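The next block holds one structure in the form of structure tokens; read it before the comments.
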């Protein structure tokens with residue numbers, strides 16, 4: 001009974017705070033007894049765990065959100081700074097297959113600690129250092145590809161030029177051979193007319 005009254009007082013306190021809607025909903029989902037089969041706290045309330053993303057998407061997401069898309073939910077977690085802790089469930093389910101267990105962590109999102117929830121902010125679209133490094137690396141790669149492409153084009157042109165020179169030389173040789181064969185044939189015709197004719 002104390003847990004229910006504690007949750008009720010926490011719920012009313014949360015409703016008064018200016019928290020992002022997603023964070024409030026996530027908090028209520030985790031503290032809703034009906035959701036415990038699909039999402040719950042682990043590691044002493046420091047990590048949230050979703051043992052089966054498909055079941056969670058069907059049973060929980062439509063109740064709290066306007067969608068049932070697992071990837072959208074994960075994207076929201078990432079936008080609010082949650083980090084994924086991916087582990088493989090070593091127990092086997094009924095189909096004797098290993099299941100992926102999704103776990104997420106945020107330093108300000110802890111069980112029984114609503115005080116730090118207000119510190120959770122949605123990330124802005126401003127590029128961070130990793131994104132800048134990625135963009136610089138992409139730019140460097142593109143420059144390298146461009147340099148490589150220029151060198152490749154020059155090399156290909158050089159090869160075509162060499163081929164063209166060889167073809168031209170063969171054409172001249174064949175022309176000379178044709179002229180020589182025509183000369184020999186004309187000579188043979190004269191000789192055959194001389195004997196025949």
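The values are calculated or read from the model by the stated rules, or taken from the named source; none is laboratory data. Keep in mind that this is a model prediction, so the values were computed, not measured. We place every Cβ from the backbone using ideal geometry, glycine too, and count neighbours over all the protein chains shown.
Here are the numbers:
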| item | result |
| --- | --- |
| Residue match in segment 79-102 (condition: part of a helix (DSSP H, G or I), modelled with pLDDT of 70 or more and surrounded by 10 or more Cβ atoms within 10 Å (Cβ to Cβ)) | yes |
| Residue, nearest to the chain's Cα centre (by Cα), within segment 105-121, restricted to residues that are assigned to a loop (DSSP other than H, G, I, E, B) and at pLDDT 90 or above | 106 |
| Those residues of segment 42-56 which are under 17 Å from residue 113 (Cα atoms) and loosely packed, with under 15 Cβ neighbours inside 10 Å, in sequence order | 43, 44, 45 |
| Any hit, segment 47-66, residues being in a loop (DSSP other than H, G, I, E, B), more than 19 Å from residue 106 (Cα to Cα) and free of Cβ contacts under 8 Å to residues at least 24 places away in the same chain | yes |
| Residues (under 23 Å from residue 119 (Cβ atoms) and either in contact (Cβ under 8 Å) with a residue 60 or more places away in the chain or in a helix (DSSP H, G or I) (or both)) located in segment 24-41 | 24, 25, 26, 27, 28, 29, 30, 31, 41 |
| Residue in segment 5-23 that is surrounded by 11 or more Cβ atoms within 10 Å (Cβ to Cβ), over 31 Å from the mean Cα position of the chain (by Cα), at pLDDT 90 or above and not in a helix (DSSP H, G or I) present | no |
| Where a residue in segment 105-124 is at positive phi and in contact (Cβ under 8 Å) with a residue 40 or more places away in the chain and its partner, wherever it lies, is surrounded by 12 or more Cβ atoms within 10 Å (Cβ to Cβ) and assigned to a loop (DSSP other than H, G, I, E, B), with Cβ under 7 Å and at least six apart | 112/45 |
| Filter pass, residue 65 being within 19 Å of residue 119 (Cα to Cα), at pLDDT below 95 and surrounded by 13 or more Cβ atoms within 10 Å (Cβ to Cβ) | no |
